[in-house]
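Any read-out appearing in this document is the output of simple, stated calculations on the displayed coordinates, not a laboratory observation. Source: prediction; values computed, not measured. Glycine gets a Cβ as well: all are built from the backbone with ideal geometry, and neighbour counts include every protein chain shown.
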Amino acid sequence: MIQQTGQENQQGPVIEVQSVTKSYGRDDQKISVLHNLDFVARRASTIAITGPSGSGKSTLLGLLAGLDQPDSGQILMDGLEVTGLSQSALSSFRARTIGIVFQQFHLIQTLTALENVSLPLEIAGAPDASTQAMARLNSVGLADRASHLPSQLSGGECQRVAIARALVVKPKILLADEPSGNLDTRTGERITDLLFELVKREGTTLILVTHNEDLAARCDERFQLRDGQLQRIS
Ligand SMILES: Nc1ncnc2c1ncn2[C@@H]1O[C@H](COP(=O)(O)OP(=O)(O)O)[C@@H](O)[C@H]1O
Ligand SMILES: [Mg+2]
């Protein structure tokens, strides 16, 4: 079967969420997190999502990434409906379309910086993975740390490696879950400057979950997650 790649749908929104509902647990243990949530993101826009701890921000990003499925509703990412895809179709969608950056970096501790960045390319079968990964490491200012393990890098350097890894396959959409939340203020600002510079240069859509109001204010649009729905702030 030929999968819809979004190529034929370049003008539409890059993300469309329609009436998504998500809860955890069941019966009297049930926690309802998202209720009939609607959301649309324009191509190449930067979007901030704020909201209290436990309001469902990471849950929403997990659904957008296809790491979890909603109870009901529809999610279209770059024109592809990801709700209800098989695991293998989801993996291939993620590898092609989505980059993810987490608060805790989630680098593979036994691989060097260069190997961490090469991995998505190798999975995608790129013939020149190492060369492309090196160029990416260079773009985040870490060419001279290529052979270091994560344990030999600072937190800010680890997050730069994670950003390089997320962007190495040139995804249309970058999902960042409190990317500076584990860094000191100055380092966090530098990491954020780098993120904005890269997504603006490459036309990547950025969904940035953050507690930081200054960071949120730098995005084209701002939403707050409250009572299971996204409310536009600006
Ligand atoms: N896998 C899970 N199983 C059960 N409850 C979960 C799970 N993941 C998140 N939750 C609950 O869902 C709510 C939203 O969590 P989360 O999306 O992590 O919020 P946020 O990222 O905004 O802090 C919280 O009450 C959390 O405890
Ligand atoms: Mg969270």
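Observations
- Matching residues, region 22-48, being more than 13 Å from ligand 1 (Cβ to nearest atom) and not small (Gly, Ala, Ser): Asp27, Asp28, Asn36, Asp38, Phe39, Val40, Arg42, Arg43, Thr46, Ile47
- Tally of residues being crowded, with 22+ Cβ neighbours inside 10 Å and either of a type outside the set (A, V, I, L, M, F, W, C) or more than 11 Å from Pro150 (Cβ to Cβ) (or both) across region 101-113: 1
- Under the condition of being crowded, with 17+ Cβ neighbours inside 10 Å, more than 16 Å from ligand 2 (Cβ to nearest atom) and of a type in the set (D, E, K, R), the residues counted in region 44-83 number 1.
This table checks each residue for (1) more than 16 Å from ligand 1 (Cβ to nearest atom); (2) more than 18 Å from the chain's Cα centre (by Cα); (3) more than 19 Å from Gln159 (Cβ to Cβ).
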position	(1), (2), (3)
Leu61	no, no, no
Glu81	yes, no, yes
Leu111	yes, yes, no
Pro127	yes, yes, yes
Met134	yes, yes, no
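- A Cβ distance below 6 Å, combined with a sequence gap of six or more or placement on separate chains, defines the contacts here; from region 58-72, residues that are within 16 Å of Ala41 (Cβ to Cβ) and in contact (Cβ under 8 Å) with a residue 60 or more places away in the chain reach residues that are outside any loop (DSSP other than H, G, I, E, B) and more than 16 Å from ligand 2 (Cβ to nearest atom) in the pairs Ala65/Ile98.
- When region 90-120 is filtered for residues that are over 16 Å from Arg160 (Cα atoms) and touching a strand residue (DSSP E or B) at 6+ places or on another chain (Cβ under 9 Å), the ones remaining, listed by number, are Phe93, Arg94, Thr97, Ile98.
- Val169 vs. criteria closer than 19 Å to Leu64 by Cα and in a helix (DSSP H, G or I): no
- Selection status of Ser147, exposed (fewer than 15 other Cβ atoms within 10 Å of the Cβ) and either more than 15 Å from the chain's Cα centre (by Cα) or outside any loop (DSSP other than H, G, I, E, B) (or both): yes
- Residues that are assigned to a helix (DSSP H, G or I) and surrounded by fewer than 16 Cβ atoms within 10 Å (Cβ to Cβ), drawn from region 197-225: Glu197, Lys200, Arg201, Glu202, Glu213, Asp214, Ala217
- Tally, over region 172-195, of residues that are part of a helix (DSSP H, G or I) and under 12 Å from the mean Cα position of the chain (by Cα): 1
- All positions within region 197-216 that are within 16 Å of ligand 2 (Cβ to nearest atom), more than 12 Å from the chain's Cα centre (by Cα) and either under 22 Å from Pro171 (Cα atoms) or touching a residue at least 40 places away in the same chain (Cβ under 8 Å) (or both): Thr210, His211, Leu215, Ala216
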